[in-house]
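Data block below; observations after.
The values are calculated or read from the model by the stated rules, or taken from the named source; none is laboratory data. Please read these numbers as outputs of a predicted model, since none were measured by experiment. Neighbour counts are summed over all protein chains in view; Cβ atoms, including those assigned to glycine, are modelled from backbone coordinates with ideal geometry.
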Amino acid sequence: MELDEKQEEKYRHLTGDPVEGLVCRLAVPSMVSMLVTAFYNMADTFFVGMLRNNSATGAVGVVFSLMAIIQAVGFFFGHGSGNFISRELGKQHMEEAENMAATGFFSALAAGILICLLGQLFLTPLATLLGSTPTILPYSREYLRIILFGAPWMTASLVLNNQLRFQGSAAYAMVGITSGAVLNIALDPIMIFWMDLGVAGAAWATIISQFISFCLLLAGCARGGNLRIHISKVQLKPAYYVMIVKGGLPSLGRQGLASVATICLNQAAGPYGDTAIAAMGIVQRITMFGGSAMIGFGQGFQPVCGFNYGAGLYSRVKKGFWFCVKTSTCFLFAVGLLGIAFAPQLIALFQDDPEVISYGAAALRFQCATFFFQGWIVMSNMMLQTIGKTVPATFVAMARQGIFFIPMVFILSNTLGFLGVQITQSVSDLLTLICAIPIQLYIMRRMGSDVKVASPAD
């Protein structure tokens, strides 16, 4: 299948334009998407916190781990299909790219339906497993029941978002994601306070906005030379799912273990009361927001990385990586300093309980001290995943909030009390960085010299 005019133009830009400017240009819509998404991830916590009910605030933090699982499934199919799509477009294999786009999308939609059905069947055990205390359980059940209804389009939306980004169409992804996020922020106060739905209102606001986002992203696939999604293109062949697993396993591991880590964090904080659980939930949302711009910047690198790796232009891949690491590390260092300086004020935005502020401010300062480590960790993971290095990518992805975090939160909490809970993420960041540096340097040394694939004009 030949490339059309818009696709040829996109190929020339991604494989020929200066890497630094190209990454920045593609990163801007991704950064906007991530920042706005981070705002709306915090919106439920912020508005529910205004109810002045620590149990309700804790419920949002508890259910966040289930939303992380839903996101993990979406990222698995989205990154698994998207990485493959970008490399195939770099090789000018259009038919394979279209087949993968449809296969990834409909597989994620089916997985979301399955999550919804199973979650509703086992609602109470699931809420308890996620870390609900007896006082939090009624609120978490209420919030969780509604969130589960949105699972199918949450997973499918993440697939569309990532596929559009990996095609170099981050602007279309931005419109879909940002519109849904803005709507969620607007709906939260209406449904929580004006309609007097409380924590259930926050859940309804989330799934309604996610559905609107889904519709806009689906519409974006039919524009701008993007790959169209059609059920006739679905390939129920092992080879396609092997590629999805290879490309998506790092994301599944990262997001899946992140949700397990959140459960473990809630369980470790549980003995210290609802205030401790609420505080750590708030810290998670704040740090997620702090790193969202950096992740968006890295997402601008991914299509550049995938297209150029597929085209055999390895020097451009390496150049883009170093540019992203230097830029993101400097940015995160500055953000970390601000977080340390204004930690109590940031926690107080969500909860004015003095104990919550005290617990949360200390934890936030510890995490901010090692925040800049993520520059290397995240960029390494993004590059390794995009070029198809499944094993090292999966290890780096799972290390920070899984391999190291999960055992450390129990070890440190048992030895240092709640201080151990507060410092766990920083210790995990340090251990992950120590492992990620030699892995990334080894892969780049093995990449070799350029072996350019013929361009559409050749």
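Answer with yes or no whether Ser86 is hydroxyl-bearing (Ser, Thr, Tyr), touching a helix residue (DSSP H, G or I) at 6+ places or on another chain (Cβ under 9 Å), assigned to a helix (DSSP H, G or I) and at pLDDT 75 or above. Full working, then the answer.
Working: hydroxyl-bearing (Ser, Thr, Tyr): yes; touching a helix residue (DSSP H, G or I) at 6+ places or on another chain (Cβ under 9 Å): yes; assigned to a helix (DSSP H, G or I): yes; at pLDDT 75 or above: yes.
For Ser86, the condition - hydroxyl-bearing (Ser, Thr, Tyr), touching a helix residue (DSSP H, G or I) at 6+ places or on another chain (Cβ under 9 Å), assigned to a helix (DSSP H, G or I) and at pLDDT 75 or above - is met.
Could you list all residues from the stretch 99-158 that are of a type outside the set (Gly, Ala, Ser), outside any helix (DSSP H, G or I) and within 22 Å of the chain's Cα centre (by Cα)? Break it down into steps so the answer makes sense when it comes.
Looking only at the stretch 99-158, we keep the residues that are of a type outside the set (Gly, Ala, Ser), and these are 99-100, 103, 105-106, 109, 113-118, 120-126, 128-130, 133-139, 141-149, 152-155, 158.
If we keep only those that are outside any helix (DSSP H, G or I) as well, we get 122, 130, 133-136.
Result: Leu130, single match.
Within 25 Å of Met31 (Cβ to Cβ), outside any helix (DSSP H, G or I) and either of a type outside the set (Phe, Trp, Tyr) or touching a Phe, Trp or Tyr at 6+ places or on another chain (Cβ under 8 Å) (or both): does that describe Leu183?
Values: within 25 Å of Met31 (Cβ to Cβ): yes; outside any helix (DSSP H, G or I): no; either of a type outside the set (Phe, Trp, Tyr) or touching a Phe, Trp or Tyr at 6+ places or on another chain (Cβ under 8 Å) (or both): yes.
Here the answer is no, as Leu183 does not meet what is asked.
Return the residues of the stretch 99-122 that are surrounded by fewer than 19 Cβ atoms within 10 Å (Cβ to Cβ) and farther than 16 Å from Gly78 by Cβ; say none if nothing qualifies.
Selection gives Ile113, Leu114, Leu117, Leu118, Gln120, Leu121, Phe122.
Output the qualifying pairs, or none if there are none: Cβ atoms under 6 angstrom, residues six or more apart or on different chains, first residue in the stretch 72-92 and in contact (Cβ under 8 Å) with a residue 40 or more places away in the chain and more than 22 Å from Leu313 (Cβ to Cβ), second residue hydroxyl-bearing (Ser, Thr, Tyr) and assigned to a helix (DSSP H, G or I).
The qualifying pairs are Val73/Thr155; Gly74/Thr155; Phe75/Ser251; Phe76/Ser251; Phe77/Ser107.
Among (1) surrounded by 21 or more Cβ atoms within 10 Å (Cβ to Cβ); (2) more than 17 Å from the chain's Cα centre (by Cα), which single condition is Ala219 missing?
Failed condition: (1).
So that you can scan it fast, the table gives a plain yes or no per residue for (1) surrounded by 18 or more Cβ atoms within 10 Å (Cβ to Cβ); (2) over 22 Å from the mean Cα position of the chain (by Cα):
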| site | (1), (2) |
| --- | --- |
| Asp274 | yes, yes |
| Pro303 | yes, no |
| Phe307 | yes, no |
| Cys324 | yes, no |
| Ile340 | no, yes |
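Anything in the stretch 238-259 that is surrounded by 17 or more Cβ atoms within 10 Å (Cβ to Cβ) and among the hydrophobic types (A, V, I, L, M, F, W, C)? List them, or say none.
Selection gives Met243, Ile244, Leu249, Leu252, Leu257, Ala258.
Report yes if Gln235 is within 28 Å of Leu160 (Cβ to Cβ), surrounded by fewer than 21 Cβ atoms within 10 Å (Cβ to Cβ), out of contact with any Lys or Arg (no Cβ under 9 Å at 6 or more places or on another chain) and among the polar types (S, T, N, Q), otherwise no.
Numbers: within 28 Å of Leu160 (Cβ to Cβ): yes; surrounded by fewer than 21 Cβ atoms within 10 Å (Cβ to Cβ): yes; out of contact with any Lys or Arg (no Cβ under 9 Å at 6 or more places or on another chain): yes; among the polar types (S, T, N, Q): yes.
Yes: the conditions hold for Gln235.
Here is a list of conditions, (1) touching a helix residue (DSSP H, G or I) at 6+ places or on another chain (Cβ under 9 Å); (2) farther than 22 Å from Ser213 by Cα, and Arg165 meets all of them except one; can you say which number that is?
The single condition Arg165 does not satisfy is (2).
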